[in-house]
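Asker: The following block contains the structure, expressed as structure tokens.
Every read-out reported here was derived from the displayed coordinates using simple, explicitly stated rules and does not represent laboratory data. This one's a predicted model, so the numbers in the text were calculated from it and none came from an experiment. Positions of Cβ are backbone-derived with ideal geometry, glycine not excepted, and every protein chain shown enters the neighbour counts.
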Amino acid sequence: MHVTVSLPMRQVPSRRQGPRKAAATMMFLLNDVVLRLDGVAMDAPLQGRRMQRLSFPEILRMGQELFSREPLLQRTNPERARRLGALITAKAPMINAALFVAPALGCPPGEVTVRFVACEFETMAELHNMHRDGDLDAVSVDRMIWRRLAA
């Protein structure tokens, strides 16, 4: 199993003062799709105490199993992808992007490579806007976030 976690080099503190306004939309990048996590309905067995008992490695393994069976999960089953994103952020709030790469359909889950990234707000907003406008594709996401392609 290959897992990479990348965190931002610097954190920009919020300059907003005063009372809190309405909560911002929570977004999560799963491979090459920006998912909105607000209003995600979790399956009944994963709510409450059972969800709290799930460890991050168990959620990681769950994601690997899902992508092993369905390598394009973020496109073929966006609701399940949203729930996976919500589980990841529930256990690791600083992570807002994940890359799951299965070498083949039906491969052993341990062969699914995983990377996690904490994207800055501005980057996530740009990705969301590109997604909304239909301009987001795998190559753009790779260049901006994953940097897997050769220069």
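Asker: Can you confirm whether Ala104 is surrounded by 15 or more Cβ atoms within 10 Å (Cβ to Cβ) and of a type in the set (A, V, I, L, M, F, W, C)?
Answerer: Here the answer is no, as Ala104 does not meet what is asked.
Asker: While we're here: In segment 105-120, which residue that is free of Cβ contacts under 8 Å to residues at least 40 places away in the same chain and not small (Gly, Ala, Ser) is nearest to Thr76 (Cα to Cα)?
Answerer: The selected residue is Leu105.
Asker: Please specify each residue of segment 121-151 satisfying the condition of being without any contact (Cβ under 8 Å) to a residue 24 or more places away in the chain and in contact with a helix residue (DSSP H, G or I) (Cβ under 6 Å, 6 or more places away or on another chain).
Answerer: Arg148, Leu149
Asker: For segment 93-113, which residues satisfy the criterion of being in contact with a helix residue (DSSP H, G or I) (Cβ under 6 Å, 6 or more places away or on another chain) and farther than 18 Å from Val34 by Cβ?
Answerer: Ala102, Pro103, Cys107, Pro109, Val112
Asker: Looking only at residues that are closer than 11 Å to Phe28 by Cα and charged (D, E, K, R) in segment 64-101, which one is surrounded by the fewest Cβ atoms within 10 Å (Cβ to Cβ)?
Answerer: Among those residues, the one meeting the criterion is Arg83.
Asker: If you don't mind, another one. Of the residues that sit in segment 84-106 and are under 21 Å from Val141 (Cα atoms) and part of a helix (DSSP H, G or I), which one is nearest to the chain's Cα centre (by Cα)?
Answerer: Gly85
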